[in-house]
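Since the structure comes first, as structure tokens, the remarks are kept for the end.
What follows is calculated from the coordinates using simple rules that are stated; it is not laboratory data. Quick caveat, the model's predicted, so the values are computed rather than measured. FYI the Cβ positions are ideal-geometry reconstructions off the backbone, even for glycines, and counts take in every protein chain you see.
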Amino acid sequence: MKQSQLFTKTHKEAPADDIAKNAKLLVRAGFVDKLQAGVYTYLPLGLRVLKKIENIIREEMNTARGQEILMPSLQPKENWQTTGRWDTMDDLYKVSDASGRENALGPTHEEIVVPLVKQFVSSYRDLPFATYQFQNKFRMELRAKSGILRGREFIMKDMYSFHRDEEDMIAYYETMKGVYARVFERVGIGATTFLTFASGGSFAKYSHEFQTVTSAGEDTIYICDKCRVAVNNEIIEEQKHACPQCGEKNLRTETSVEVGNIFELKTRFSAPFDLTYKDEEGKDRTVVMGCYGIGLGRVFGTVVEVLGDDKGLVWPRSISPFAVHLVEIGNTDDATVHDEAQRLYDELLNKGVEVLWDDRNLRAGEKFAESDLIGIPLRIVVSSKTLSSDTFEVKDRATGEVSMLSWEELLAVCKKQ
Ligand code: ATP
Ligand code: MG
């Protein structure tokens, strides 16, 4: 894409009312726009990142045999009364229409997915399975001060699994730990993300969160470096001081953000909707469930918090809006530089490389600063200096390292995942 055609622009100043690093950088770089606290528009550059995160999650959920659906946000009050959550969930947005009918704007989808699957489950032969979606959630968050980390409207991947008994659910739950670890590895925060033991609510001893170490987080965790697991500060007191796996007492305290979680729901939602199946003996049994959430904006913002530096955003290749930033420098009266940039742009596109081409008539310093702010992993400079050379000048955004590469070498680094 040509940068001259991008309808958005970068901003010189960070918005005054946003204190979070992710919001400051993403708004300045033109990735997102804030409509109100906790409510953001994803602009062309930001949406490319969001879609890449979504695709990585989709691929991993599909390997876990998840079947993708899309459920509605507008949810009848009756469904929420069935589980008792109409009156107990304090962050629920409630809307009523002219006739006085009340609905919830979905903060999560157990109340919808359970009656949905009830239509299709009758026998043990119909189990197990898992279904998921990417969907906008609405929550009346009081603390919407963390940019896209905590939205009042935000996109979540929520998956629900359905099983004949606890044993089967737990086996699936265990595989999901590995699936989640792969998601966080692939989006570039694997090294700083820990499987964390958290409170299981009233149904299980623990639930598991995936917590990423960053000062932008709102949680405190205790990390066991030997086991690479952590304990959330919010869980029962005696667990805090010892690793639940090896008993180690010397744990490292860190501030962190929850990027995902997995939960044994057991029969908490299947029972109120009477979601049952007939076992081999023809006896009615209640379906056992698990649920698995990841916030896309939460992951997006966390990558910015962890990797962003004083110059701006720094994207891992896997979720960068483009693979390469092609920056042409020089007097636009000199057509040779522009022609060379055009030739390179066409050839890279031809080879399937995603390129953002800064074809605008601006000063070199301004272009470089903006390129650093946008944070694409590789920058190729075309100028009158590089014209006479048969190599390409390539700068690595994360390390600042500059290398001179042949066309073949250039293609190889551009295509590297
Ligand atoms: P938190 O403790 O941060 O409020 P939660 O326990 O309410 O999270 P869940 O309801 O389990 O979270 O949601 C699943 C996932 O959705 C979370 O792990 C997180 O990644 C994401 N998430 C939750 N709330 C928000 C929010 N307000 N904005 C963006 N993402 C969110
Ligand atoms: Mg919450």
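Tabulated data for the structure shown
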read-out	value
Loop GluC sites (Glu not before Pro), segment 162-260 (other Cβ atoms within 10 Å of the site Cβ: 12 or fewer; DSSP)	Glu234
Across Lys21/Lys94; Lys385/Lys416; Lys12/Lys52; Lys395/Lys416; Lys24/Lys415, pairs whose alpha-carbon gap is larger than 24 Å	Lys21/Lys94; Lys385/Lys416; Lys12/Lys52; Lys24/Lys415
Inter-site label distance for Leu6 and Ser215 at 7 Å from Cα along Cβ, in nm	2.8 nm
Selected from Leu195, Tyr222, Phe368, residue furthest toward positive end of dipole (the chain; charges at beta carbon)	Phe368
DSSP-defined beta bridges in segment 324-416 - what % are antiparallel, rounded to 5	45 percent
Centre separation in Å (Cα based) which lies between segment 289-347 and segment 3-38	15 Å
The chain: DSSP helices with Cα axial extent of at least 20 Å and average Kyte-Doolittle hydropathy no lower than -1.0	44-63, 166-186, 335-350
Fraction of beta bridges assigned by DSSP in the chain that are antiparallel (%, nearest 5)	80 percent
Burial ordering of His338, His163, fewest other beta-carbon atoms within 10 Å first	His338, His163
Reference-scaled alpha-carbon Rg (2.2 N^0.38 Å with N residues) for segment 178-257	1.04
Partners for Lys2 among lysines (Cα-Cα distance below 16 Å; same-chain residues under 8 apart left out)	Lys367
Gyration tensor over alpha-carbon atoms, segment 324-416, equivalent ellipsoid semi-axes in Å	18, 16, 12
Coordinate range along principal axes, alpha carbons of segment 161-205, Å, largest first	35, 21, 11
Potential extension, Leu74-Leu116 segment - 0.36 nm per residue separation minus Cα distance	13.7 nm
5 angstrom amide H check on Gly260, placed H, neighbours 5+ away	Phe210
Principal axis dimensions, segment 358-398 - Cα atoms, whole angstrom, descending	29, 24, 14
Those lysines that a straight Cα-Cα span of less than 30 Å connects to Lys226, excepting residues fewer than 8 apart in one chain	Lys177, Lys205, Lys240, Lys249
Candidates per trypsin sites (Lys or Arg not before Pro) in segment 247-276, loop by DSSP, up to 15 other Cβ within 10 Å	Lys249
Compactness relative to 2.2 N^0.38 Å, alpha carbon Rg of the chain	1.13
